[in-house]
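The values are calculated or read from the model by the stated rules, or taken from the named source; none is laboratory data. The structure presented is a predicted model; accordingly, all values stated were derived computationally and were not measured. Note that we place each Cβ from the backbone using ideal geometry, even for glycine, and neighbour counts take in every protein chain shown.
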Amino acid sequence: MALHTWLLYFVAAIGLSLTPGPNSLLVLTHGALHGRRRTLWTVAGGALGFLALIALSMLGIGALLAASSQALFALKLLGGAYLVWLGWQVWRAPPIDVDAAAAAAAPAAGPALLRQGLLTALSNPKALLFYGAFLPQFIDPQRDLWPQFLAMAVTFVAVEVLVEWALAALAGRIRPWLRRAGRRFNRACGGLFVAMGLALPMTR
């Protein structure tokens with residue numbers, strides 16, 4: 001994976017990790033309820049789930065490219081269209097309600113928190129589609145696929161862990177801000193998805 005491609009992917013991964021989603025809400029809730037140390041169990045469970053979904057996406061992408069080297073460009077266009085659609089959904093979504101989730105949450109032991117993080121990641125079928133749309137934008141078909149896949153998987157999971165741990169640590173301060181600016185935050189994240197969906201398929 002070329003350095004400039006990895007840097008672009010790294011920046012995109014940071015932006016995507018900051019977007020609202022089920023695991024972000026869960027980490028914010030557990031951070032507010034249980035503190036950042038115990039929420040590391042939740043973060044670890046989510047990381048395992050993301051890693052499994054990325055691996056499944058990579059297997060599908062690798063099989064498609066092995067069958068037809070011409071498929072990458074079509075996959076990029078379809079993936080870009082999906083990212084644009086996903087951005088529109090995030091733009092229109094209501095602010096995430098951390099307080100409601102916190103009221104519904106119950107105290108749990110570390111392994112239970114890990115299981116909740118894992119199942120929250122795995123139970124979102126859109127995540128598999130998302131990775132299938134996002135990862136091909138950064139693949140160089142002239143290079144070995146699996147080193148590229150490994151670099152992308154490790155980078156994304158590392159970024160996700162750091163961002164979610166930061167959310168857990170700042171949960172008490174972020175909750176009032178989300179209550180005030182949640183819709184604007186969703187629109188900023190949705191705009192990021194749309195921009196990537198339009199720009200990345202044309203990137204060489």
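Among residues of the range 21-42 that are at pLDDT 75 or above, none has a beta-carbon under 7 Å from a residue that is among the basic types (Lys, Arg) and crowded, with 22+ Cβ neighbours inside 10 Å at least six positions away or on a different chain.
The listed residues are Leu48, Leu56, Leu113, Leu78, and the only one of them that is surrounded by 13 or more Cβ atoms within 10 Å (Cβ to Cβ), touching a His at 6+ places or on another chain (Cβ under 8 Å) and at pLDDT 75 or above turns out to be Leu113. Here Pro107 passes the criteria (1) closer than 21 Å to Ala171 by Cβ; (2) surrounded by 14 or more Cβ atoms within 10 Å (Cβ to Cβ); (3) at pLDDT below 70; (4) not small (Gly, Ala, Ser) except the one numbered (2). In the range 131-161, the qualifying residues are those that are under 15 Å from the mean Cα position of the chain (by Cα), surrounded by fewer than 21 Cβ atoms within 10 Å (Cβ to Cβ) and in contact (Cβ under 8 Å) with a residue 12 or more places away in the chain, and the one that is nearest to Asn23 (Cα to Cα) is Val161. Taking each residue of the range 112-126 that is under 14 Å from Glu164 (Cα atoms) and looking for partners that are of a type in the set (A, V, I, L, M, F, W, C) and modelled with pLDDT under 80 with beta-carbon atoms closer than 6 Å, six or more apart or interchain, yields Thr120/Leu26. Tallying residues that are within 21 Å of Leu33 (Cβ to Cβ), of a type in the set (Gly, Ala, Ser) and modelled with pLDDT of 85 or more within the range 151-204 yields 1. Restricting attention to the range 1-33, the residues that are part of a helix (DSSP H, G or I) and either touching a strand residue (DSSP E or B) at 6+ places or on another chain (Cβ under 9 Å) or not aliphatic (A, V, I, L, M) (or both) total 13.
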